[in-house]
1. Using the basic label-point model (7 angstrom from Cα toward the beta carbon), what is the residue B:165 to residue B:316 distance in nanometres?
2. Please say if segment B:143-337 is rounded, prolate or oblate, where rounded means a/c under 1.5 for a ≥ b ≥ c the square roots of the C-alpha gyration tensor eigenvalues, and otherwise the choice is prolate for a/b larger than b/c and oblate otherwise?
3. Alpha carbon centre of segment A:110-172 versus segment A:73-107: separation in Å?
4. Express the relative contact order of segment B:143-337 as a whole percentage, based on alpha carbon pairs under 8 Å and six or more residues apart in sequence.
5. Determine the gain in length on full extension of the stretch residue B:246-residue B:284; use 0.36 nm per residue of separation and subtract their C-alpha separation, reporting nm with one decimal.
6. What whole-number distance in Å separates the alpha-carbon centres of segment B:244-312 and segment B:147-176?
7. For peptide A:43-54, how many partner chain Cβ atoms fall within 10 Å of a residue's Cβ, on average?
8. Kindly rank A:131-140, B:320-329, B:265-274, B:296-305 from highest to lowest mean number of other beta carbons found within 10 Å of each residue.
């Protein structure tokens, strides 16, 4: 009898716990010689905030690289922009507002750590890509977005170059 | 206190005894008090009364009466000097009461005059409030702020408003801005009060935002509402505003700043790092014009005064060329605040 009650309690606790637990999604961004970059997406229950984060797993050690602070990470690009052979991280986050705007952050890999070097807000419905479209031997950052500052709004692409440790937008 | 009363009684008895020996106290010769010590010695040793003895007893009686006076003063807390002081205080009190009476009528006059000035100012402010728009139903399959069920939907959504950490702000018309006023403002700014058109199509922005409150699909999902349903859409918007006022960067702001930046957060997203900025910084920053306009529109819809600089921005960004900014503002306020009245 006691065993049955105990089993029922365990089942009930599991159900309750599952209901309140934060649902998490885990995906690998890149596997590198110095570790594995992992994205963990977590929606905080009963709210709009996200507790997404990027970590660097080095064996048993987990190093915190980036935390979204309520924003929802939609896209992470891992590409080498400074030519040192190790990729930078470009993160695109959905802000959830009625305007459909996004926030982008670039983390520069330097001397063993990822440092935030660039942050921009806006770029409605923006999607990023990092490519060498011009065949110039170095990659540029492209953000395709809807320009809402003009009437009527138009589709546009912002182009950025990695210079002096940060991203600088090319003039239209 | 008992001891003091006993002492007085004893003193009175002694006085009576001496009076019996010396005659009436009214015959006391104050010149005879000098030989008091000698008289006491004489009185104890010699029972025969000489004229000197009698004078000495009278002097002693006078002293005892003085002493009794002191005891009485000690008992009742009043000395001769204090009595004089009390008289002076009584006179001052009477003077003060007279002065207060005079000042009271002057103060009453000043209060009445100030009240009249405030009433006049209030009447002036009220006369400046634009006549609120009475929204009408648009027919067909539409769902708008004029729909017959709108007030029910609105009131159901407003049940989430008390949870907002909302600041106390009074607008340029002297009216305290309520949470419901804020909800009305968002509905007007977002959708001009149209959830579905006459053909039953849900209002949808180019970005995919839906309905009265222009909820993005992911946001609606997070809020647990169906954005296409008008009642749920309003409810979702009210819950979303709760998130903005109670958590994220805007929750740390106060006053009108919180109301304006709350509107910007509704459009941009409450967790954007840009929301740490003040409204002064934000409106001049490299931010989407739509979001910065949203802050200005919220000021208009709540009846908050726009600065000269803000009026210039409004004219540049969204006020139609055939209207002045003031005309547009009055119309915008009347339409927004006329919702669900």
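Every read-out reported here was derived from the displayed coordinates using simple, explicitly stated rules and does not represent laboratory data. Note that the structure is a prediction, hence the values are computed from the model and not measured. Cβ placement follows ideal geometry from the backbone for every residue including glycine, while neighbour counts extend to all protein chains displayed.
1. It is 3.4 nm.
2. rounded
3. Comparing the Cα centres of segment A:110-172 and segment A:73-107, I get a distance of 9 Å.
4. On the way: 267 pairs, mean separation 41.2, N = 195.
The value is 21 percent.
5. This chain segment gains 11.1 nm when fully extended.
6. Segment B:244-312 and segment B:147-176 have Cα centres spaced 19 Å from each other.
7. That works out to 4 on average.
8. Per-residue mean Cβ counts within 10 Å order the peptides as B:265-274, B:296-305, B:320-329, A:131-140.
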